[in-house]
Number of protein chains: 2
Amino acid sequence: MPTYQKMTRQERGKEYAILQEKYREILTHERHFDMTRGKPCQEQLDMVSDIFDMLQEPDDYIVDGIDIRNYGALSGLPEAKRLFANILDCRPEQMFVGGNASLQLMYNVLDIGYVHGLLHSPRPWCKEEKIKWLCPAPGYDRHFRLTESFGFELISVPMTETGPYMDVVEEDVKDPAVKGIWCTPKYSNPDGIIYSEETIRRMASLKPAAPDFTVMWDNAYCVHEFEGDYVPFPDILRICAEVGNPDLVYEFASTSKITFPGDGVACLATSEANLDYFEKWLGVQVISYDKVNQQRHVLYLQNRAHTLKLMKRHAAFMAPKFHAVLDILQREVEPYGIATWQPPHGGYFISVFGIPGTAKRALELCNAAGVKMTPAGATYPYGKDPADSNIRIAPSFPPLEEVEQAIEIFSVCLRMAALEKLGI
Amino acid sequence: MPTYQKMTRQERGKEYAILQEKYREILTHERHFDMTRGKPCQEQLDMVSDIFDMLQEPDDYIVDGIDIRNYGALSGLPEAKRLFANILDCRPEQMFVGGNASLQLMYNVLDIGYVHGLLHSPRPWCKEEKIKWLCPAPGYDRHFRLTESFGFELISVPMTETGPYMDVVEEDVKDPAVKGIWCTPKYSNPDGIIYSEETIRRMASLKPAAPDFTVMWDNAYCVHEFEGDYVPFPDILRICAEVGNPDLVYEFASTSKITFPGDGVACLATSEANLDYFEKWLGVQVISYDKVNQQRHVLYLQNRAHTLKLMKRHAAFMAPKFHAVLDILQREVEPYGIATWQPPHGGYFISVFGIPGTAKRALELCNAAGVKMTPAGATYPYGKDPADSNIRIAPSFPPLEEVEQAIEIFSVCLRMAALEKLGI
């Protein structure tokens, strides 16, 4: 079978007619498949729900002399700091352990920058003429929307197989209006790329014109291998300190995909100088976070080694779904030369690049068939993929059979969109 | 015994010498009593820790079709909205149920105003020349600090026995730079005053020059009687709607002093138009709050009637401590005519007004004796009590015996400070 590009218009027309027939048959069934978001499935949540049994006796609520049910310990329980420092390979003194949402900690950092300025800001960001923010794309829509909400101009940076295109980043940061960059350095959302050591070192060594340039290092998938063993990952905070950029990076992580998306624990790691400054302003709005939930996580996860054992059990749910997607794509899409993708070994997504101008149409067809995916364009700043090519597949949530059906349907839709684009 | 004012200088000198002797004796004992903050004691927290047993079976985590452990339901579980609407006497559609901190919800409202403007703002508050905020004083230091942190000018408004002095408020709001007011309408912090119906109606009926003037209505002690029965309290949102001011008020409450300060649930109630606007911006920074904890509270508290039964059990811990303070003050301070206070029936504080110029000195003496109280001045904007008179007593946290000892010591210190001021 030739690829669609190599087919004649007549051959493509014939192929399209066959797919149209299939699609009509698909439409006769009612379906509601949700693949919009990277979230664990119910079996994964059931698996970890014994975390709620960790605290039983009144004495369990007194930890290091702190009553974990009362006010206090804004920056987190000491043992929670040690746990997350162990997971991220940084020091407990660099750690702030918060509530259930790392996204909100990211907002807090940007908001402090906006209202007061960050540690090295000449003035609050709200007093700046213009602020620009680097957005390696495809990337995470909620990151982009955070910076967009403050009115910052979002600047796309191409992604490569080793992370953001650093030549471009190094050039862009010469503009003093460029105040920061978003990064998901391990199993990037959506490409599943692990930044190379060279990328990490170049990121840590940036010499931006803005004295308060900030790397938002969202290490959301730091222990989230679903294939193979844990991949060690450099501690960027240490490298930053070594190269004389100690306050460049705010790192984030959470247990949203280790325990629960809604009821996990989020953390932030940065230099002690940044942390002092952050706590000063954060202490105005929060007295303390849910330390009972922090303590549950301390007892349940223990340390990185123990957490990795749990992640293997998550992988047992995740891997079959990812394999199903990759197998079906290989069988139903790959032969036609209309899309490319890289099989990830961790994270929550598969990123498919269709031929330009086909993503929106493919997902429109999917949607009409009851298969909801992340909207086309969502992975780019302002929700606009200039090539209309990237599609994010999030197979974790639905049952395996639904994932299979959904990707079968997606394959038909993508092929139809490609044929329409190429001409029939 | 004559009051200190009526004593001759010589009599005061003699009295001071006796107190000095007592104080020297006090100093020979090492004490670390913490009465700085209104927080429940450990027995109260132990009493409600069975809330953690409310969820047991996997099915308990699926509520109204929502997996409460996963992402989703940003504005709160429907049953949680019903619970808090019942407690506050408003409608579930006006309710937003969040995380553990009502202070953070208050920050969120002000921050949205600062970054984007509120619903009726002509422009974001960060673009305004100057913003002023009304602060009925004495009041809650964390309220004042929130507005201070944005650089707003804090304007003191005197408190009366029926709430803020409304003649002053009505005059002040004619200034278009005045964008809002702080209120703790039931068992105000620290005076324990319940706003009168007339005050509430006048507050709801304000005609401020600023179209986005906002009443921050912190109903922190809505069901927190420790003496006598529940005191019904008007729903200000309904009154606002009736008088044509539907979007004037954001109301806040939490279970910080019903279940746990650190691990409770906070809520916000406002008009549906305000709520839509709030959720639009809040949804940028948070995907969802801890719904497992919300559901625990739904099952544990059930409704207002059931919650009030629990509050009676809290009262059994609280009332003896408040009575001890009031009894000792009556015995050890009242005869000397050097301070006034009103016995509260709910809330977490007793507010003592010493003769001007004695609060700081009295607490300095207390502090040296190992009795830590809320710093003098904290109850006023910028931490400055112009009369240096108000002292907030927070007797809830230490054991009863410590409260008794602490107030005995405080009485000695207050008397010494008064004598020093009057001249010895």
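The values are calculated or read from the model by the stated rules, or taken from the named source; none is laboratory data. All figures in this text were calculated on a predicted structure; none of them were measured in a lab. Note that each Cβ is placed from the backbone with ideal geometry, even for glycine, and that neighbours are counted across all protein chains shown. Calculation scope for accessible area: heavy atoms of the full protein, side chains included, ligands and nucleic acids excluded. Shrake-Rupley method; radii C 1.70, N 1.55, O 1.52, S 1.80 Å.
In summary, residue B:154 fulfils each of the numbered conditions (1) open to solvent by less than 10 Å² (accessible area, probe 1.4 Å); (2) in contact with an Asp or Glu (Cβ under 8 Å, 6 or more places away or on another chain) with the single exception of condition (1).
Kindly establish whether residue B:324 is at negative phi, hydrophobic (A, V, I, L, M, F, W, C), open to solvent by 40 Å² or more (accessible area, probe 1.4 Å) and modelled with pLDDT of 95 or more.
It is false that residue B:324 is at negative phi, hydrophobic (A, V, I, L, M, F, W, C), open to solvent by 40 Å² or more (accessible area, probe 1.4 Å) and modelled with pLDDT of 95 or more.
Evaluated against (1) in a loop (DSSP other than H, G, I, E, B); (2) closer than 26 Å to residue A:375 by Cβ, residue A:110 falls short on exactly one condition, (1). Report, by residue number, each residue of segment A:127-151 that is open to solvent by 10 Å² or more (accessible area, probe 1.4 Å) and hydroxyl-bearing (Ser, Thr, Tyr). Passing the criteria: A:140, A:149.
For segment A:99-126, a residue qualifies if it is closer than 24 Å to residue A:263 by Cα and either within 10 Å of chain B (Cβ to nearest Cβ) or open to solvent by 10 Å² or more (accessible area, probe 1.4 Å) (or both), and the qualifying residues are A:99, A:100, A:101, A:102, A:103, A:104, A:105, A:106, A:107, A:108, A:110, A:111.
For segment A:256-303, the tally of residues that are open to solvent by 10 Å² or more (accessible area, probe 1.4 Å), within 14 Å of chain B (Cβ to nearest Cβ) and of a type in the set (A, V, I, L, M) stands at 3. Note on segment B:55-74: among residues that are within 9 Å of chain A (Cβ to nearest Cβ), in a loop (DSSP other than H, G, I, E, B) and open to solvent by less than 40 Å² (accessible area, probe 1.4 Å), the one that is farthest from residue A:398 (Cα to Cα) is B:55. Search segment A:241-255 for residues being buried (at least 20 other Cβ atoms within 10 Å of the Cβ) and over 22 Å from residue A:50 (Cβ atoms), and hand back the single one that is nearest to the other protein chains (Cβ to nearest Cβ). Ranking the qualifying residues of segment A:241-255, first place goes to A:252.
Could you tell me whether any residue of segment B:218-240 is within 14 Å of another protein chain (Cβ to nearest Cβ) and not basic (Lys, Arg)? Please lay out each step first, then the result.
Pass one, segment B:218-240, residues within 14 Å of another protein chain (Cβ to nearest Cβ): B:218, B:220.
From the residues that got through so far, the ones that are not basic (Lys, Arg) too are B:218, B:220.
Yes, that holds for at least one residue.
Taking the numbered list (1) within 19 Å of residue B:386 (Cβ to Cβ); (2) among the hydroxyl-bearing types (Ser, Thr, Tyr); (3) away from chain A (no Cβ under 14 Å); (4) assigned to a helix (DSSP H, G or I) in turn, residue B:156 passes all entries but (4). Scanning segment B:128-154 for residues that are over 15 Å from residue B:378 (Cα atoms) and hydrophobic (A, V, I, L, M, F, W, C) yields B:131, B:133, B:134, B:150, B:152.
Can you work out which of the residues in segment B:165-191 that are among the small types (Gly, Ala, Ser) and part of a loop (DSSP other than H, G, I, E, B) is farthest from residue B:151 (Cα to Cα)?
We begin by selecting, within segment B:165-191, every residue among the small types (Gly, Ala, Ser); these are B:177, B:180, B:188.
Okay, now just the ones that are also part of a loop (DSSP other than H, G, I, E, B), so B:177, B:188.
Values: B:177: 13, B:188: 25 Å.
Of everything passing the filter in segment B:165-191, B:188 is farthest from residue B:151 (Cα to Cα).
Taking the options A:51, A:87, name whichever one is more than 14 Å from every other protein chain (Cβ to nearest Cβ), crowded, with 16+ Cβ neighbours inside 10 Å and either of a type in the set (A, V, I, L, M) or more than 21 Å from the chain's Cα centre (by Cα) (or both). Matching residue, one of A:51, A:87: A:87.
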